[in-house]
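The values are calculated or read from the model by the stated rules, or taken from the named source; none is laboratory data. Values in this document were obtained by computation on a predicted structure and should not be read as measured data. Please note: Cβ atoms are built from the backbone with ideal geometry, for glycine as well, and neighbour counts cover all protein chains shown. Heavy atoms of the whole protein, side chains included, go into the accessibility calculation; ligands, DNA and RNA do not. Shrake-Rupley method; radii C 1.70, N 1.55, O 1.52, S 1.80 Å.
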2 protein chains.
Amino acid sequence: MTCHIARHTGAVTAEGTAQRPASIRDVARLAGVSHQTVSRVLNQHPSIRPETRARVTDAMETLKYRPNRAARVLVTSRSHTLGILTSNRMHYGPSSSIVAIEAAARAAGYSVVTTNLSSTDPEAIDAALEHLLDQAVEGLVVIAPQTRVAAAISSLAIGVPYVTLQSEDDGSHALSVDQIAGARLATRHLLELGHRRIAHLAGPQDWSEAEARLRGFAAELAAWDVPAGEPLLGDWTADAGYRAGRELLDRGGVTAVFSANDQMALGVLSAVREAGRDCPSDLSVVGFDDMPEARHFAPPLTTVRQDFEELGRRCVALLLGRLDGGARSAAPIAPELVLRSSTAPPRAR
Amino acid sequence: MTCHIARHTGAVTAEGTAQRPASIRDVARLAGVSHQTVSRVLNQHPSIRPETRARVTDAMETLKYRPNRAARVLVTSRSHTLGILTSNRMHYGPSSSIVAIEAAARAAGYSVVTTNLSSTDPEAIDAALEHLLDQAVEGLVVIAPQTRVAAAISSLAIGVPYVTLQSEDDGSHALSVDQIAGARLATRHLLELGHRRIAHLAGPQDWSEAEARLRGFAAELAAWDVPAGEPLLGDWTADAGYRAGRELLDRGGVTAVFSANDQMALGVLSAVREAGRDCPSDLSVVGFDDMPEARHFAPPLTTVRQDFEELGRRCVALLLGRLDGGARSAAPIAPELVLRSSTAPPRAR
DNA sequence: GGCGGCGATGTGACGTGTCACATCGCGCGC
DNA sequence: GCGCGCGATGTGACACGTCACATCGCCGCC
């Protein structure tokens with residue numbers, strides 16, 4: 001008797017276990033159904049008799065079947081993957097956003113590939129985008145100098161929807177977290193305390209967050225008819241805040257600072273202390289983000305809190321919605337002012 | 001005359017451009033070679049005439065060809081993807097590690113899928129691991145309560161190598177960043193300043209980092225023949241540090257604290273200040289990590305710096321090495337003590 | 001009683017890159 | 001002059017889910 005089936009593709013050979021993981025067809029064979037039926041079970045197709053379904057799921061379990069993502073992606077050409085492009089990832093805001101986005105994406109059946117920008121050179125941005133596109137991401141979240149990245153994206157003519165975490169003028173790629181309202185809140189607080197000479201320590205202006213916060217600051221001052229000086233520019237780091245703080249103290253004439261994030265505010269506090277001055281009596285400081293450490297600064301920092309959870313959820317919802325055509329954007333998330341001890345009325349003149 | 005080729009799979013129809021992205025066969029057709037030759041060009045096979053290679057790369061460019069990752073993964077059954085499992089991702093150490101790992105992985109042609117643990121329940125851990133396994137990750141980096149995760153991993157019988165960021169006793173899954181040496185460095189510094197009643201504010205003991213730092217602390221004290229009290233346990237947050245700081249001050253009797261990370265140290269500083277005491281004259285504080293903000297704490301924090309870049313590189317190298325069989329581990333990375341103003345000799349008795 | 005229709009399942013092709021093997025031509029050695 | 005070997009390239013199968021379509025049995029309706 002000759003073996004008339006020369007090669008068969010069964011996973012389980014006569015003896016011993018096979019190396020290759022079980023496929024849909026192995027499951028089908030064990031359950032005594034066709035591979036298509038197994039596929040239907042996988043995809044929760046309604047027309048499957050409960051008894052059949054049970055046989056299939058049993059077979060899956062005994063074979064430790066795990067669907068092969070690559071095969072599914074190949075045939076459906078949907079990767080169910082989102083990409084996040086970040087720079088400055090170690091900062092609190094971006095980190096929180098990433099966590100929230102990842103959670104929301106996972107809940108929606110998507111996974112997330114992150115790439116951190118080591119520099120903001122166009123080449124680095126291109127390389128990072130290429131890397132993400134190689135993963136066939138279906139959408140992109142940009143937490144980075146958005147204007148630069150946007151340029152790279154349009155120059156690469158990427159056919160992938162993307163969103164940033166901030167509101168923007170055009171509104172097309174925008175997720176409405178109301179940075180402007182937050183900045184106005186912080187500024188108004190200082191104005192209401194009686195400050196009239198208020199400096200803004202802004203983030204890099206190619207970040208849309210930074211730009212929006214600056215706009216909000218300017219808008220609120222204008223509404224109160226208070227003149228705004230040139231903003232100081234920082235790079236989100238405490239070091240930059242420290243340098244800016246020193247400069248402000250040297251220059252004098254300012255009674256309050258609104259910093260575009262908490263870490264720069266920390267640097268300002270440190271400069272104030274080093275100069276032998278006091279916060280808040282010599283200089284009031286307001287931050288932005290409400291990082292968990294902010295309440296333990298010296299003094300505890302008055303700041304603006306953002307709801308990063310909600311931000312991440314909306315971000316993913318927006319992106320997935322856009323994948324399916326619908327592109328409406330939600331109402332802005334209102335940020336919240338958290339009062340602590342780093343602000344006080346200006347010292348009586 | 002009948003059309004005798006009923007269906008052809010050409011990407012470019014008679015008129016207009018096709019929707020489907022170009023495949024290897026489209027490139028082959030345009031370049032006048034076989035699909036296999038294109039594949040060889042993609043894989044830098046040596047036996048390709050330069051002229052042929054040029055024709056192929058030209059065709060790739062005009063067709064904007066981008067290799068289909070899913071197809072490649074399917075056939076090679078190598079995903080070229082690593083998974084990172086984190087919790088507490090917003091903290092400085094983990095964030096830095098992730099960034100470094102991502103960079104190293106990308107440099108090695110791998111991409112990284114991250115998953116954040118919202119809780120440390122076994123179910124949440126299992127779900128996160130399942131999620132990563134669904135991505136067919138080839139290796140796993142665990143930045144989380146390693147003992148819990150390790151249990152989940154072994155219960156799931158995952159056939160994937162994994163590493164943690166810390167040295168461990170068994171050494172099998174360990175990446176040698178010498179936490180113990182770092183902790184000894186910090187402790188020795190306090191001892192050399194003359195402190196003899198030193199508290200340790202430890203991290204959660206199911207984190208191997210926390211456990212190692214505690215071990216280093218105890219070892220150094222033992223070497224100096226100084227008794228160690230019960231360590232305080234924190235959860236890495238500044239809030240926990242604050243609570244521990246209050247407890248220490250209430251209890252009294254301690255002249256120095258070694259905190260297992262900088263953020264908890266910040267909380268301690270804040271408690272000291274709130275109690276109207278002074279750091280360092282009433283209480284010396286040493287941190288761990290050297291986050292960029294540490295130098296702007298009040299007072300600037302003496303702490304232990306880790307080289308996260310190197311850590312990430314080694315982590316990826318170890319993981320990829322293990323994929324290819326070789327499993328040697330590298331020499332430990334030596335951490336470094338950074339002296340600032342939060343430590344001083346104990347006040348004269 | 002026959003047929004439309006639907007529920008439940010099966011069949012075969014497909015997508016895209018890679019693998020194993022086949023083929024072709026040419027130079028070299030004896 | 002002939003065959004070997006190698007460089008360069010082509011051929012067909014394959015991996016594994018899903019899609020489109022086919023099939024089969026049964027119920028209900030006229």
Practice task
List the relative contact order of chain A as a percent without decimals, with contacts defined as Cα pairs under 8 Å and 6+ residues apart.
Solution key: 15
Fill in the blank from the handout: Site A:Q205, offset 7 angstrom along Cα→Cβ, radius 16 Å on amide nitrogen, limited to the stretch A:249-281, gives A:260
Fill in the blank from the handout: Here the stretch A:102-256 gives, from Cα atoms, an Rg and Dmax in Å of 18.5, 54
Practice task
Please sort by residue number the trypsin sites (Lys or Arg not before Pro) in the stretch A:42-137 whose DSSP state is loop and whose Cβ has at most 15 other Cβ atoms within 10 Å.
Solution key: A:K64, A:R78
Practice task
Express the carbon and sulfur contribution to the solvent-accessible surface of chain B as a percent, rounded to the nearest whole number, probe 1.4 angstrom.
Solution key: 53
Exercise for the section: State, as an integer percentage, the relative contact order of the stretch B:179-306 based on alpha-carbon contacts under 8 Å between residues 6 or more apart. Expected result: 25
Problem - Rg/Rg_globular for chain A, with Rg_globular taken as 2.2 N^0.38 Å and Rg from C-alpha atoms - result: 1.34
Handout entry: Rg(Cα) / (2.2 N^0.38 Å) computed for the protein assembly as shown, rounded to two decimals
Key = 1.09
Practice task
Note the distances from A:E247 to each other copy's matching label point, with points 7 Å along the Cα-to-beta-carbon direction, in nm, sorted shortest first.
Solution key: 4.4
Completion exercise
Volume per residue (Å³) of the convex hull spanned by the alpha carbons of the stretch A:24-67 is 56
Exercise for the section: Round to the nearest 0.05 the FRET efficiency obtained for A:E192 and A:R25 when R0 = 56 Å and r is the Cβ-Cβ distance. Expected result: 0.20
Practice task
Using only protein heavy atoms and a 1.4 angstrom probe, determine the accessible area buried between A and B, summed over both sides, in Å² to the nearest 100.
Solution key: 3900
Completion exercise
Rg (one decimal) and Dmax (whole number) from the Cα set of the stretch A:76-156, in Å, equal 12.3, 37
Handout entry: ³J(HN,Hα) computed for each position of the stretch A:208-217 - Karplus, 6.51 cos²θ - 1.76 cosθ + 1.60, integer Hz, glycine/proline x
Key = 5, 4, 4, 5, 5, 5, 4, 4, x, 4
Handout entry: FRET E, pair A:V75, B:Q36, Förster distance 25 Å, beta-carbon r, rounded to 0.05
Key = 0.65
Fill in the blank from the handout: Toy charge model, Lys and Arg Cβ at +1, Asp and Glu Cβ at -1: the protein assembly as shown dipole around Cα centroid in debye, rounded to 20, equals 1640
Handout entry: Probe 1.4 Å - accessible area at A:R148, Å² to nearest ten
Key = 100
Exercise for the section: Once you've got the GNM for chain A with C-alpha springs shorter than 10 Å, pick whichever of A:L337, A:L269, A:L74 has the biggest mean-square fluctuation. Expected result: A:L74
Completion exercise
GNM on chain B, Cα springs under 10 Å; top mean-square fluctuation among B:D289, B:D121, B:D239 goes to B:D121
Exercise for the section: Any chance you could check the Cα centroid distance between the stretch A:38-91 and the stretch A:264-289 for me, in angstrom? Expected result: 53
Practice task
Report the label-to-label distance for B:A219 and A:A275 in nanometres (one decimal), using points 7 Å from each Cα along the Cα→Cβ vector.
Solution key: 4.6
Completion exercise
Everything considered on the Cα gyration tensor (a ≥ b ≥ c; rounded for a/c under 1.5, else prolate if a/b is larger than b/c, else oblate), the stretch A:221-313 must be described as oblate
Practice task
Find which of B:L320, B:V285, B:S270 sits farthest along the positive direction of the dipole of the stretch B:253-349, computed with +1 on the beta-carbon of Lys and Arg, -1 on that of Asp and Glu, about the Cα centre.
Solution key: B:V285
Practice task
Determine the dipole magnitude for the stretch A:91-172: charges of +1 sit on the beta-carbon of Lys and Arg, -1 on that of Asp and Glu, nothing else is charged, the reference point is the Cα centre, and the result goes in debye to the nearest 20.
Solution key: 260
Completion exercise
Yeah, the stretch A:264-349 with a ≥ b ≥ c from its alpha-carbon gyration tensor (a/c under 1.5 is rounded, else prolate when a/b outruns b/c, oblate otherwise) is prolate
Fill in the blank from the handout: Rounded to the nearest 5, the percent of DSSP beta bridges in the protein assembly as shown running antiparallel is 10
Practice task
Kindly provide log₁₀ I(q)/I(0) values, in the same order as q = 0.15 Å⁻¹, from the Debye equation applied to equal alpha-carbon scatterers of the stretch A:12-150.
Solution key: -0.82
Practice task
Go ahead and run the numbers for FRET between B:E61 and A:E51, Cβ-Cβ distance against an R0 of 51 Å, rounding to 0.05.
Solution key: 0.40
